[in-house]
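The structure under discussion appears below in the form of structure tokens.
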Amino acid sequence: MKNVGGQAVIEGVMMKSAENWTVAVRDQGGMIHLKGERLAKLPRALKLPMVRGVVALFQALALGIKAIEFSANKAYSEESQENLSKLSITLTIIFSIVLGIGLFILLPLYATKLLGLVFHGISKNSILFNLTDGVVRVFIFLVYVVLIGVWKEMARIFMYHGAEHKVIHAYEEGEVLTVENARKYSPLHPRCGTSFLMIVMVVSILIFSFIPQHWPFIYKFLARIFFVPVIAGTSFELLKFSAKMKDNPFISFMIQPGLLLQRLTTREPDDSQIEVAIRALEEVLKLEEGHA
């Protein structure tokens, strides 16, 4: 059985295996469009623990741009004139990264600094400072997810997110990939990127605690940017470990916050969305067999 992951896109699902990726998108006429490619072979050095998490992060970003470009151009009819160019999507991704740094690194850090002016214990204790910074970051993230979930188009992407998880569950259980078989599974999955983000937030609190408390604000901010690869690598290894040990009672308990967070980023999909996820998974498995 292949190790497969996925990502919801506009009116579709992207599936990724070890060597290939595919995306399936339903257009406004009901037709499902497919795109598949072989992944570039990585040097062994980039597959080492800790390093592979950083590589996976950049690879997911690159594939995400390709998948979103394809899905946006297929999901909208020509008459809607909403087809998006690669440049516009790339600029949107760059804007999203900058926004993410501002919302989830700069804003929590500055808010914690202000809280330290009111509660002096925060500004004097490194552990308390970084714990407060982490709590503020989680709060901002939760508010952000709830707000974007109100957006109709994003709500549909969350439904495709649930469809992706259901289909992967069915595949991992050895089921025949049908809508009926996938429908009965949970829209939550322990290897989800949402759970990864929750792990990132916890790990960041621990790693940021090594940043000296007496450093100026700008140094603390730049140090947080510098530590992003370390946090990504550590979080990736913890996510893989928790997925392998999900039947262990202690690990099962520890992954609950991530699964709870997924309730905000997934919705129960309809059968047509599950069908799209199945087509994406079937296509990536065909590509894997073709290159076996």
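The values are calculated or read from the model by the stated rules, or taken from the named source; none is laboratory data. Since we're looking at a predicted model, the values are computed, not measured. Cβ coordinates were reconstructed from backbone atoms using ideal geometry, including for glycine residues, and neighbour counts include every protein chain displayed.
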Report task. State whether one or more residues within segment 193-207 are in contact with a strand residue (DSSP E or B) (Cβ under 9 Å, 6 or more places away or on another chain) and in contact (Cβ under 8 Å) with a residue 24 or more places away in the chain. Result -> yes
Report summary line: Result of the Cβ filter at 7 Å on segment 106-123, keeping first residues that are at pLDDT below 90 and partners that are not in a helix (DSSP H, G or I), at least 6 apart or interchain, is none
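Is it true that LYS220 is more than 30 Å from HIS33 (Cα to Cα) and surrounded by fewer than 17 Cβ atoms within 10 Å (Cβ to Cβ)? Write out each step before concluding.
Numbers: more than 30 Å from HIS33 (Cα to Cα): yes; surrounded by fewer than 17 Cβ atoms within 10 Å (Cβ to Cβ): no.
Answer is no for this residue.
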Requested in this report: Could you list, in sequence order, all residues of segment 240-276 that are part of a helix (DSSP H, G or I) and in contact with a Pro (Cβ under 8 Å, 6 or more places away or on another chain)?
Outcome: SER242, ALA243, GLY258, LEU259, GLN262
Report summary line: Taking segment 8-34 and keeping only residues that are in a strand (DSSP E or B) and among the aliphatic types (A, V, I, L, M), one is left with ALA8, VAL9, VAL13, MET14, MET15, VAL23, ALA24, VAL25, ILE32, LEU34
Query raised in the report: Which one is farthest from VAL9 (Cα to Cα), of the residues in segment 110-163 that are of a type in the set (D, E, K, R) and within 24 Å of the chain's Cα centre (by Cα)?
Result: ASP133
Report summary line: Selection over segment 214-229 where residues are without any contact (Cβ under 8 Å) to a residue 24 or more places away in the chain and assigned to a helix (DSSP H, G or I) yields a count of 6
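So which of ILE211, ILE205 is under 27 Å from TYR110 (Cα atoms) and in a helix (DSSP H, G or I)?
Values: ILE211 fails: in a helix (DSSP H, G or I).
Being under 27 Å from TYR110 (Cα atoms) and in a helix (DSSP H, G or I) holds for just one of ILE211, ILE205, which is ILE205.
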Report summary line: (1) over 23 Å from ILE168 (Cα atoms); (2) at pLDDT 90 or above all hold for ALA72 apart from (2)
Query raised in the report: Given the conditions (1) at pLDDT below 90; (2) among the charged types (D, E, K, R); (3) over 24 Å from ALA277 (Cβ atoms), and given that GLU82 satisfies all but one, which numbered condition is not satisfied?
Result: (3)
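Looking at GLU164, GLU180 in this structure, which one is over 23 Å from ALA232 (Cβ atoms), part of a helix (DSSP H, G or I) and either at pLDDT 90 or above or not charged (D, E, K, R) (or both)? Lay out the reasoning, then the answer.
Values: GLU164 fails: over 23 Å from ALA232 (Cβ atoms).
It is GLU180.
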Report task. Tell me, please, whether a residue that is touching a residue at least 60 places away in the same chain (Cβ under 8 Å) and surrounded by fewer than 16 Cβ atoms within 10 Å (Cβ to Cβ) can be found in segment 174-184. Result -> yes
Query raised in the report: Any residue at all in segment 174-193 that is closer than 21 Å to LEU99 by Cα, of a type outside the set (Ser, Thr, Tyr) and touching a helix residue (DSSP H, G or I) at 6+ places or on another chain (Cβ under 6 Å)?
Result: no
Query - Sole exception among (1) at pLDDT 90 or above; (2) under 30 Å from GLN28 (Cβ atoms); (3) in a helix (DSSP H, G or I); (4) among the aliphatic types (A, V, I, L, M) for ILE140, by number - result: (2)
Query raised in the report: Among (1) surrounded by fewer than 21 Cβ atoms within 10 Å (Cβ to Cβ); (2) in a loop (DSSP other than H, G, I, E, B); (3) out of contact with any Lys or Arg (no Cβ under 6 Å at 6 or more places or on another chain), which single condition is PRO190 missing?
Result: (3)
Report task. Determine if segment 47-57 includes at least one residue that is assigned to a strand (DSSP E or B) and either of a type in the set (Lys, Arg) or more than 17 Å from the chain's Cα centre (by Cα) (or both). Result -> no
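Yes/no per residue for (1) exposed (fewer than 15 other Cβ atoms within 10 Å of the Cβ); (2) of a type in the set (Lys, Arg); (3) not in a helix (DSSP H, G or I):
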position	(1), (2), (3)
GLY6	no, no, yes
GLY36	no, no, yes
LEU42	yes, no, yes
ILE68	no, no, no
LYS74	no, yes, no
THR112	no, no, no
